[in-house]
Structures are given as C-alpha cells and as structure tokens.
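Only one structure is covered here, and it is reproduced in the block below.
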Amino acid sequence: RLLELENEYMMRGEMYRFYAFYRDNPSTILGTVSIRNISRGPYQKCEIGYKVDNRFRRRGIGYEMVNKACDLSLNDLDLHRIEATCLPWNTPSFTLLEKIGFQREGLMRKACEINGQYEDLSDSYESCGSESSAGRIRRL
C-alpha cells in the first residue's frame with residue numbers, strides 16, 4: 001500500500017522517492033532519497049529526506065543521491081528552495097549536507113516525535129534559486 005500511496009503523490013507532483021542500487025545487483029537497495037512537502041505558489045520549495053543502509057555508508061552513496069535530488073528539484077521541478085532537517089547529533093548527515101552546499105539555519109525545538117518522545121531538529125537550508133546560492137550545490 002505504501003508504494004501505491006507514493007505513486008499517487010508522484011502523479012500529483014507532491015512527492016518523489018528514488019532508490020539507489022548497484023546496476024549489477026538491483027535487488028539490493030543501498031538507500032533512498034525523497035523530494036517531499038513540495039510547496040508551489042510564492043514558496044517554490046521542497047524538503048529532501050534520505051537514508052543509506054548501514055552496510056553501505058561512507059561510500060559516497062548519500063552524497064550522490066542527495067546531489068541528484070537537488071539537481072532534479074532545481075532544474076526539472078523548477079523549485080527555489082530546498083530544505084533538509086537532521087537530528088542535532090547526526091554529524092554525518094550535516095557533513096553530507098554541508099559538503100553539497102547547504103547552509104545551517106537553526107534549531108526547531110521538540111519538532112518531531114521519535115520513539116514516543118519529541119526531539120529537536122536542526123535545520124539545514126539551501127536557497128537554491130538565487131544567483132548567490134545556486135552555485136553552492138555541487139554538481140556530479
């Protein structure tokens with residue numbers, strides 16, 4: 001049912017999910033990236049979410065997935081701003097976002113329920129459409 005629901009969102013242009021895998025082994029999913037919470041009108045923004053299977057971390061897969069999703073968001077979906085959130089202690093995730101060109105903007109206190117408790121989320125944002133920031137996203 002989840003795939004059906006995601007397909008409905010894709011057909012309406014509200015969300016897109018992509019899976020990473022090796023060409024010679026497509027049955028093993030390395031990770032996933034989503035473009036979600038797409039806002040049109042005056043905002044023209046989205047949120048990027050991603051995860052990489054523990055067995056495949058630190059191999060550049062997250063970098064490639066997020067970079068491609070940013071490129072798609074800017075060039076194909078014609079969005080202006082991409083947002084990503086992380087738990088404050090998730091240094092590998094911040095490192096990945098900053099390597100791509102995201103800039104950290106703040107902390108959202110008690111913003112997300114995880115395992116029955118509300119946790120803070122740190123925000124990294126990239127205002128992709130402006131001339132001053134568009135060049136920060138690194139292209140593969």
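Carbon and sulfur: what percent of the chain's accessible surface (1.4 Å probe)? Ligands and nucleic acids excluded, carbon and sulfur reach 49 percent. Quick one: net charge of residue 108's neighbours, Cβ under 13 Å, K/R +1, D/E -1? Local charge sum for residue 108: -4. Overall, the ratio between the Cα radius of gyration of the stretch 59-106 and 2.2 N^0.38 Å, rounded to two decimals, is 1.17. Extension gain for the segment residue 114 to residue 77, taken as residue separation times 0.36 nm less the Cα-Cα distance, is 10.3 nm to one decimal. Taking a straight Cα-Cα cut-off under 16 Å and skipping sequence neighbours fewer than 8 places away in the same chain, the aspartates and glutamates within cross-link reach of residue 110 are 119, 120, 123.
In the chain, helical runs assigned H by DSSP with n ≥ 4 each contribute -39500 (n - 2.57); averaged across all residues and rounded to the nearest 500, the mean residue ellipticity at 222 nm is -7000 deg cm²/dmol.
Among 55, 81, 23, what's the order by accessible area (1.4 angstrom probe), most exposed first?
23, 55, 81
Normalised per residue, the accessible area of the chain is 64 Å², obtained with a 1.4 Å probe and no contribution from ligands, DNA or RNA.
The convex hull around the C-alpha trace of the chain, projected and averaged over every direction, spans 9.7 square nanometres. The coefficient of translational diffusion for the stretch 1-76, derived via Stokes-Einstein from the alpha carbon Kirkwood radius under 4 °C and 1.567 mPa s, stands at 97 µm²/s.
The values are calculated or read from the model by the stated rules, or taken from the named source; none is laboratory data. Keep in mind it's a predicted model, so treat the numbers as computed, not measured. Cβ coordinates were reconstructed from backbone atoms using ideal geometry, including for glycine residues, and neighbour counts include every protein chain displayed. Just the protein is used for accessible areas: all its heavy atoms, side chains included, with ligands, DNA and RNA removed. Shrake-Rupley method; radii C 1.70, N 1.55, O 1.52, S 1.80 Å.
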